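J.: I'd like to ask you about the structure that follows.
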Amino acid sequence: MTENRLATMPADGASTERGLSRRDVLLAGLALPALGGGVGVASLLVSNSAKAAAAGQCVVGVTQEAVNFNPLLYVNTGVETCVEFTVFDSLWKIDPEGKFIPNLATEIPTVENGGVSKDGLTWTIKLRPDVTWHDGQPFSADDVAFTLDVIMNPKVAVRSRQGHEHVEHYGVKDPHTIEIKLKDSFAPYLVSWQKTSVIPKHILASVPDINTAPFNTNPVGTGPFKFKERVAGSYISFQPNPKYHGGVPKLASLVQKYVPDQQSLFAQFQTGEVDVYDIQGIPPLLYQRAKTIPGAKAVLNPNPFVEFIYFNCGKPQFEDKRVRKALYMAVDRKGWIDAVYYGVPVPTLSYLPPNHWAYNKSLVDPGYDPKKAAALLDEAGWKVASDGVRAKDGVRLAFTMSTTAGNKSREQAQQLVQQNLKKINVEMTIKNMPASVVWGDYTVQSQFDTLMVGWDALLYPDPDYGDRIRSTAIPAKGGSGSNYVQYQNPEIDKLSDQGVATTNLQERKAIYDKIQAILLDDLPFAPIFSYQSIVGVRDRMKGYEVNPYLTSNFWNTPDWTTA
Amino acid sequence: MGRFLVNRVAQSAVLLVGVSVIGFALMHLAPGGPLAMYTLNPTVTAQDIQRVKVQFGLDQPVWVQYFKWAAGIFTGNWGYSFFGGQPVREVVFDRLPATFELMGSALCLSLLIGVAIGVLSAVKRGSLLDHATAVAAMVALSLPTFWFGLLAIFIFAQTLGWLPAGGNHSTDGGGFLDGLRHLILPVAVLALVLVAQWSRYTRSYLLEILNQDFIRTARAKGLRPSRVLVNHALRAALVPLITLGGLQLPLLVGGALVTETVFSWPGMGLLFVNALGSRDYPVLMAILMVGAFVVVLGNLIADILIALVDPRAKIAHV
């Protein structure tokens, strides 16, 4: 290619060469953006206010992006749960009082109404006959059975089987009745179906690979809103389902807007571009400011997550429960809550938040008492050595504490704990790593010394915690479960088994009271507080109600309105 | 020039294969992995994680995974996002227009302003203007982008309410003007740094040239100073500036990590940040390869342009 062939412009007088001169190239490059800049300034003058959302439209702002809308496959609890609750339905929902309310099912199965057999093994679930999928196809028991097929299909990367591994077999009795037979009596199974959304058989049965089905980004459900569109990296929009069996939604449109930066989302909430600041919530640092925004309020939303210090009981430092207890007493938990989290979270002594129905109200707080803690360590044989750190049989009472790097609140809390422990001659080193590292094998295979984590129960709000405390649930020892602290206690094993096999609520409560008391005494993990997120809601938004039993407040979207 | 092109394309292909091998290896050598995202979800048990691992093929040796990926690329299948399940090609190409819009505007604008400032401060060397722009460029280059972005949002969106705080268009649609209004703040923030760079580069290139003999000759011939500047000095400065432009071309598809995050701009930078955080290997590889491709392409275009504006370069290449 030569210059000549490119030449289309006549040479001007200043240029001695033929064709496109260097100056022309330069000038063209300068003229185009100049034009663009001019239009930009003009548009600035034309409209002069940041536009608030239209009436009847509700914009919910979140700082993480939902990318997979298949309720069985998605990974990111929170933002993707919102989409699930909006587009899909489960057999029953849970209300803010923790009561189950029928959704796709006509009633909650119990022993009394014959839905659950006396031995707790056979579950007969009756379904609503008047439900249709968003594409107009009727919903039936086949869809429920198909959902179970997919959950158990080894070829599908289902995120969690959510208790369905207790199912022995299942069958459709008639188009609106499904019968499920369990291997063992498993009371939390009620929660399994509250957490499992039903997917359409008529769409997915013929799909070769559900993992990559177009359905996952263009979902069809039975829920209150139909999926309208997703603009990648920007927002997802929904339109009301005029045939919704639970009442037609009052909103004209619902939008989940993705704003990755907390400060930016807060700004958009202040300008009214966002009606609800949900899921990750307003940072505690901004709580006071959020309360003073005109035309909006900041609501405290208790959520299922409890913050812990995880002790790896497999490490020599933490074998003795007296050490764990001493460390618990040496940590100023109130200071932690007030200084780092501006007093927003609620202290708890159990793996359950204190507002939970099964929380053991008679637990006694060992309190913040560094003197007693030091005495307890002395008693356990951990004496202060010449280097100023306690040691016993050649093992120093020194360890690392890990959590996600960059989590500023946790980093501050770690420094606080570090100072607290230094006072009783215990050396703690902060060793934080990116999320993809710290929560991988480092956690699962119990390679950590201690962790700072916020987790909830496996099938929350069911109080069962067996997956995290049974001796058979230690992955590092080949077990199946999430007992990363390697806690072993035969009594806990027995009580956990009893707890899930018992269906009577009062009897269950007594069992879980005992479990919580033992755990507070053994302290394989030290409960610090139960989280409350700060949800921002614009005043024009009505009908929005926080639900402490769920990770998403999208449980009653049909009732939402915006003025 | 034909042979030159063939040579360059062949070199580029080898380079891209190298990049893919190194990129893939580094990604897998780095501690952690995509499965940690699952651990963050309390309802997921260790068995679930093992099951998903096999499902994603992550239990296989890295080289097997690489060859599967490479075979996919050659057959047009770039794989599927681990978390979204969508075809990776779709995921990546969905984001390109937004990044192109943002970075294209910012690059054009900064080129215009930056070169102009650079020329002015080179010509009026030592003047108040020269010193003022030097200080301004220093400040612009030292300001953290996220801070400046948040400041812009605070002033123009929160306090004055003139412009939207983020996104690239309103959620209820919005036309061309709506798009422009969303563009102003992020482009201004990006342009600030780019203008600073371009003005400094232009100034130093031009100063170097203005001290050379041929300029003195031109002046001695009695040419008008403007003529000397435009026809002789700027022409010569074009070569290094084109090289620089070629190096900045990848920004057009790479996007800006921080600016896109602060302004919720749905571009490649934001996609990359998210994919990196969740270790979505197929998406990361695709972004890496598209980026590498554009780097190679940008250099190629710069070389061709230089050959066009400077015949000596062409001779050297052929």
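J.: Can you spot a residue in the stretch B:7-21 that is more than 30 Å from B:Ala307 (Cβ to Cβ) and either touching a helix residue (DSSP H, G or I) at 6+ places or on another chain (Cβ under 6 Å) or more than 8 Å from chain A (Cβ to nearest Cβ) (or both)?
T.: yes
J.: If you don't mind, there's one more thing I want to ask. For the stretch A:382-400, how many residues meet the condition of being of a type outside the set (D, E, K, R) and either buried (at least 20 other Cβ atoms within 10 Å of the Cβ) or touching a residue at least 40 places away in the same chain (Cβ under 8 Å) (or both)?
T.: Going through the stretch A:382-400 one residue at a time, the tally reaches 7.
J.: Pick from A:Arg540, A:Arg508: which is farther than 30 Å from A:Arg396 by Cα, modelled with pLDDT under 95 and touching a Pro at 6+ places or on another chain (Cβ under 8 Å)?
T.: The unique qualifying residue is A:Arg508.
J.: How many residues does the stretch A:417-442 contain that are within 14 Å of another protein chain (Cβ to nearest Cβ) and either among the aliphatic types (A, V, I, L, M) or surrounded by fewer than 17 Cβ atoms within 10 Å (Cβ to Cβ) (or both)?
T.: Number satisfying all stated conditions: 4.
J.: Exactly one condition in (1) within 11 Å of chain A (Cβ to nearest Cβ); (2) of a type outside the set (Lys, Arg); (3) over 30 Å from A:Arg468 (Cα atoms) is false for B:Pro61; which is it?
T.: (1)
J.: Could you tell me how many of the residues in the stretch B:92-115 are at the interface with chain A (Cβ under 8 Å from one of its Cβ atoms) and either among the acidic types (Asp, Glu) or over 20 Å from B:Leu251 (Cβ atoms) (or both)?
T.: Summing the residues that are at the interface with chain A (Cβ under 8 Å from one of its Cβ atoms) and either among the acidic types (Asp, Glu) or over 20 Å from B:Leu251 (Cβ atoms) (or both) in the stretch B:92-115 gives 1.
J.: Considering B:Gly161, B:Gly118, B:Gly149, B:Gly166, which residue is closer than 13 Å to B:Ser199 by Cα and either at the interface with chain A (Cβ under 10 Å from one of its Cβ atoms) or part of a helix (DSSP H, G or I) (or both)?
T.: Residue meeting the stated conditions: B:Gly118.
J.: If the requirement is being assigned to a helix (DSSP H, G or I), modelled with pLDDT of 85 or more and either in contact with a helix residue (DSSP H, G or I) (Cβ under 7 Å, 6 or more places away or on another chain) or surrounded by fewer than 24 Cβ atoms within 10 Å (Cβ to Cβ) (or both), which of these qualifies: B:Ala292, B:Ala236?
T.: From the options B:Ala292, B:Ala236, the qualifying one is B:Ala292.
J.: Give me the strands (runs of 3 or more DSSP E) completely within the stretch A:380-455, filtered to those with at least 1 residues that are more than 24 Å from A:Pro304 (Cβ to Cβ) and modelled with pLDDT under 90, ordered by residue number.
T.: Where strands (runs of 3 or more DSSP E) fall fully within the stretch A:380-455, none carries at least 1 residues being more than 24 Å from A:Pro304 (Cβ to Cβ) and modelled with pLDDT under 90.
J.: Do we find a residue being under 23 Å from the mean Cα position of the chain (by Cα), within 22 Å of A:Trp133 (Cβ to Cβ), of a type outside the set (D, E, K, R) and in a helix (DSSP H, G or I) anywhere in the stretch A:174-191?
T.: Taking every residue of the stretch A:174-191 in turn, none turns out to be under 23 Å from the mean Cα position of the chain (by Cα), within 22 Å of A:Trp133 (Cβ to Cβ), of a type outside the set (D, E, K, R) and in a helix (DSSP H, G or I).
J.: Against the condition surrounded by fewer than 20 Cβ atoms within 10 Å (Cβ to Cβ) and modelled with pLDDT of 85 or more, how does B:Phe176 come out, does it pass?
T.: Taking the combined requirement at face value, the residue does not satisfy it.
J.: Considering every residue within the stretch B:216-232, establish whether at least one is in contact (Cβ under 8 Å) with a residue 40 or more places away in the chain and within 14 Å of chain A (Cβ to nearest Cβ).
T.: yes
J.: Also, I was wondering about something else. Any residue that is acidic (Asp, Glu) and more than 10 Å from chain A (Cβ to nearest Cβ) - is there at least one of those in the stretch B:76-91?
T.: no
J.: Out of (1) part of a helix (DSSP H, G or I); (2) without any contact (Cβ under 8 Å) to a residue 12 or more places away in the chain, what's the single condition that is false for B:Thr171?
T.: Just one mismatch for B:Thr171, condition (1).
J.: Does A:Val131 qualify as being surrounded by fewer than 16 Cβ atoms within 10 Å (Cβ to Cβ) and of a type in the set (Val, Ile, Thr)?
T.: no
J.: Here is a follow-up. Given the criterion without any contact (Cβ under 8 Å) to a residue 12 or more places away in the chain and either out of contact with any Gly (no Cβ under 7 Å at 6 or more places or on another chain) or closer than 28 Å to A:Tyr341 by Cα (or both), identify the matching residue among A:Leu520, A:Leu505.
T.: Of the residues listed, the single one that is without any contact (Cβ under 8 Å) to a residue 12 or more places away in the chain and either out of contact with any Gly (no Cβ under 7 Å at 6 or more places or on another chain) or closer than 28 Å to A:Tyr341 by Cα (or both) is A:Leu505.
J.: Looking only at residues that are away from chain B (no Cβ under 13 Å) and touching a helix residue (DSSP H, G or I) at 6+ places or on another chain (Cβ under 6 Å) in the stretch A:257-296, which one is surrounded by the most Cβ atoms within 10 Å (Cβ to Cβ)?
T.: Residue satisfying both the conditions and the ranking: A:Ile279.
J.: Name every residue in the stretch A:512-550 that is in a helix (DSSP H, G or I) and surrounded by fewer than 20 Cβ atoms within 10 Å (Cβ to Cβ), in order of residue number.
T.: A:Asp513, A:Lys514, A:Ala517, A:Ile518, A:Asp521, A:Asp522
J.: Mind checking which residues of the stretch A:404-416 are touching a strand residue (DSSP E or B) at 6+ places or on another chain (Cβ under 7 Å) and within 12 Å of another protein chain (Cβ to nearest Cβ)?
T.: A:Ala405
J.: Got at least one residue in the stretch A:443-455 being among the hydroxyl-bearing types (Ser, Thr, Tyr) and either farther than 30 Å from A:Pro370 by Cβ or touching a helix residue (DSSP H, G or I) at 6+ places or on another chain (Cβ under 7 Å) (or both)?
T.: The answer is yes, given that some residue of the stretch A:443-455 is among the hydroxyl-bearing types (Ser, Thr, Tyr) and either farther than 30 Å from A:Pro370 by Cβ or touching a helix residue (DSSP H, G or I) at 6+ places or on another chain (Cβ under 7 Å) (or both).
J.: Return only the number of the condition from (1) under 20 Å from A:Leu459 (Cα atoms); (2) away from every other protein chain (no Cβ under 12 Å); (3) among the aromatic types (Phe, Trp, Tyr) that B:Tyr38 does not satisfy.
T.: Result: B:Tyr38 fails condition (2) only.
J.: Do the conditions hold for A:Gln317, that is, is it without any contact (Cβ under 8 Å) to a residue 12 or more places away in the chain, assigned to a helix (DSSP H, G or I), in contact with a helix residue (DSSP H, G or I) (Cβ under 7 Å, 6 or more places away or on another chain) and not small (Gly, Ala, Ser)?
T.: no
J.: So, in the stretch A:288-314, exactly how many residues are part of a strand (DSSP E or B) and of a type outside the set (Val, Ile, Thr)?
T.: Of the residues in that region, 13 qualify.
J.: Just the residues that are outside any loop (DSSP other than H, G, I, E, B) and more than 15 Å from A:Phe529 (Cα to Cα), please, taken from the stretch A:338-376.
T.: Answer for the stretch A:338-376, where residues must be outside any loop (DSSP other than H, G, I, E, B) and more than 15 Å from A:Phe529 (Cα to Cα): A:Pro370, A:Lys371, A:Lys372, A:Ala373, A:Ala374, A:Ala375, A:Leu376.
J.: Identify, by number, the condition in (1) part of a helix (DSSP H, G or I); (2) within 11 Å of chain A (Cβ to nearest Cβ); (3) in contact (Cβ under 8 Å) with a residue 40 or more places away in the chain that B:Ser264 doesn't meet.
T.: (1)
J.: A follow-up question, please. Checking A:Leu459 against (1) assigned to a loop (DSSP other than H, G, I, E, B); (2) more than 11 Å from chain B (Cβ to nearest Cβ); (3) of a type outside the set (Gly, Ala, Ser), which single condition isn't satisfied?
T.: (2)
J.: Which of (1) surrounded by 16 or more Cβ atoms within 10 Å (Cβ to Cβ); (2) of a type in the set (S, T, N, Q); (3) out of contact with any Leu (no Cβ under 7 Å at 6 or more places or on another chain); (4) facing another protein chain (nearest Cβ under 10 Å) does B:Gln50 not meet, given it meets every other one?
T.: Status for B:Gln50: all satisfied but (1).
The values are calculated or read from the model by the stated rules, or taken from the named source; none is laboratory data. On a predicted model such as this, the values are computed, not experimentally measured, just so you know. So basically every Cβ, Gly included, is an ideal-geometry build from the backbone, and we count neighbours across all protein chains shown.
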